[in-house]
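Participant: Structure provided below as structure tokens; questions to follow.
Read-outs throughout are calculated quantities, based only on the coordinates presented, and are distinct from any laboratory measurement. Quantities reported herein were computed from a predicted structural model and do not represent experimental measurements. For neighbour counting, all protein chains shown are included, and Cβ atoms are generated from backbone atoms with ideal geometry for every residue, glycine included.
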Amino acid sequence: MKKLWGGRFTGSAAEWVDEFGASIGFDQELADQDIHGSIAHATMLAKCGIITEDEKQKIIEGLKKLQHQASKGELEYSAKLEDIHLNIEHHLTELIGPLGGKLHTARSRNDQVATDMHLYLKEQVAQIIELIADFQKTLLEQAEQNIETIMPGYTHLQRAQPISFAHHLMAYFWMLERDKQRYADSLKRINLSPLGAGALAGTTFPIDRHFTAELLGFEGIYENSLDAVSDRDFILEFLSGSSILMMHLSRLCEEIILWSSQEFQFVELSDAFTTGSSIMPQKKNPDMAELIRGKTGRVYGSLIGLLTVLKGLPLAYNKDMQEDKEGMFDAVKTVTGSLKIFAGMVSTMKVKQEKMESSVKNDFSNATELADYLAAKGVPFREAHEIVGKLVLECIQKGCYLADLPLEEYKEMNSLFEDDIYDALNPYNAVERRNSAGGTGFSQVKNQIDKGKSLFV
Ligand code: ARG
């Protein structure tokens, strides 16, 4: 097969070179964007008088045929033709003859590939933003049903203070809100057109870059042709935003895995999102949560991979940059898949409210209430802390909890204790009374949920 750049060569490529250098195995994912970009380019060439109207018609007709074939998976690709750009150009020339070769006037694969990736990420990021919103709505629904479900809140994975389960879920809602904002902000930079930057220096042809940008739905153009073809920041931003999102999902995975263990039994995942064991008949494994936690690593890997690819590159295009694609495609697939699984997994998750509540009654997570009780009566908090610490120790030695100690024992420790301490020790009251802004008090949690919902109206 004749190389499209073969003019200055006398010898042929060494064995393995074609295959090793080719990106068609993965960049065929960009076929639609590539053709879309070419149609805009041909339209602009005609408008600027660089090709005739008739030539434009023929080129676009050919490209549309290829677009149709590509969408049905009927376009044949060859590694000998290196990448998606040369494969499409080859097919176009087969279809419409040497005129196909005019399409590449005033353009290079360097601005072409950058354009394709901007178009691709623009679509994908918009879809990811929608998937995040879907998952947020699921969290809102579960939260609404669990405002008064109380559970132990943890620090250091040690029981700390009782909280509302809705409050816990809403923490993830706000993380996802930031993720969504990060993606939305990155769209400003994805939305710029590199097309017309040429190989690196622009072109002598009287092109109109603003026109192609407009045809492709971009909001503006790169101001510098070297930057236009060298920039992969928009992919790095996508990968870093995705890494943070995956980290959030992974933390929730970890909690769901813990919560569904025999030791916690706070939730039960639906059969639809769990698997069994081939040997142990009793098992119900939270595979999907484990897998999402595991897949987080590959998204981080793609981010570090691309940062490393780019760090030593002189301007402008270098072949190293072909390594930007697989990680990006993989991250899109991982993030999209994880979000879809998560929405289903959380909406079908059974919350074992009684188990959560009973566990919070059998612990010391109400100890802060007692310290606050004394502090509210004027005892310096540090002193109150010390007194309650001693009471906890006494309980541990006796094998009971704070609510089991009789009032006399409290009074012995400090005469300010009255029999309303038992109300204060009730974990439900402990949650209800935490009404500082953003706290776990039920009315605060309701507020949060209302604010969350208002983002979707
Ligand atoms: N397949 C190449 C890539 O993905 C396209 C750009 C090639 N440009 C070049 N001058 N060799 O980066």
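Participant: Pull up all non-local amide H partners of residue 163: gap of 5 or more, or a different chain, and H-to-H distance under 5 Å with H placed in the peptide plane.
Facilitator: Those lying under 5 Å, H to H, from residue 163 are 151, 153.
Participant: Label the range 190-235 by shape, choosing from rounded, prolate and oblate, from the square roots a ≥ b ≥ c of the eigenvalues of the Cα gyration tensor; if a/c is under 1.5 it is rounded, and otherwise prolate applies when a/b is larger than b/c, oblate when it is not.
Facilitator: Details: a/c = 2.62, a/b = 1.07, b/c = 2.44.
Oblate, because a/c is 1.5 or more while a/b does not exceed b/c.
Participant: Near residue 19, within a Cβ-to-Cβ distance under 12 Å, what is the net charge of the other residues, with Lys and Arg +1 and Asp and Glu -1?
Facilitator: Result for the local shell: -2.
Participant: Can you bin the range 269-399 into rounded, prolate or oblate? Criterion: square roots of the alpha carbon gyration tensor eigenvalues sorted a ≥ b ≥ c, rounded for a/c under 1.5, prolate for a/b above b/c, oblate for the rest. Don't skip to the end; give the middle numbers.
Facilitator: Values: a/c = 3.72, a/b = 1.77, b/c = 2.10.
Oblate.
Participant: Among 42-55, 157-170, what's the highest-first ranking by average C-beta atoms within 10 angstrom per residue?
Facilitator: Output ranking for 42-55, 157-170: 157-170, 42-55.
Participant: What percent do you get for the relative contact order of the range 383-457 when only Cα pairs under 8 Å and 6+ apart count?
Facilitator: Working: 40 pairs, mean separation 10.4, N = 75.
Once divided by the residue count of the range 383-457, the mean separation gives 14 percent.
Participant: Let me ask something else. On C-alpha positions alone, give me the angle between the axis of helix 53-71 and the longest principal axis of the chain, in degrees, nearest 10.
Facilitator: Roughly 40 degrees between the two axes.
Participant: Cα axis of helix 325-347 to longest principal axis of the chain: angle in degrees, 0 to 90, nearest 10?
Facilitator: Helix 325-347 sits at roughly 40 degrees to that axis.
Participant: Is the chain rounded, prolate or oblate when judged by the Cα gyration tensor, a ≥ b ≥ c being the square roots of its eigenvalues, rounded requiring a/c under 1.5 and prolate requiring a/b larger than b/c?
Facilitator: Taking the square roots of the gyration eigenvalues as a ≥ b ≥ c, the chain is prolate.
Participant: How many angstrom lie between the Cα centre of the range 7-51 and the Cα centre of the range 332-409?
Facilitator: So the separation of the two Cα centres works out to 62 Å.
Participant: Once you keep just the Cα pairs under 8 angstrom separated by 6 or more residues, what percentage relative contact order results for the chain?
Facilitator: Across the chain, relative contact order equals 16 percent.
Participant: Between 0 and 90 degrees, rounded to the nearest ten: what's the tilt of helix 109-144 against the longest Cα principal axis of the chain?
Facilitator: On a 0 to 90 degree scale, this one is about 20.
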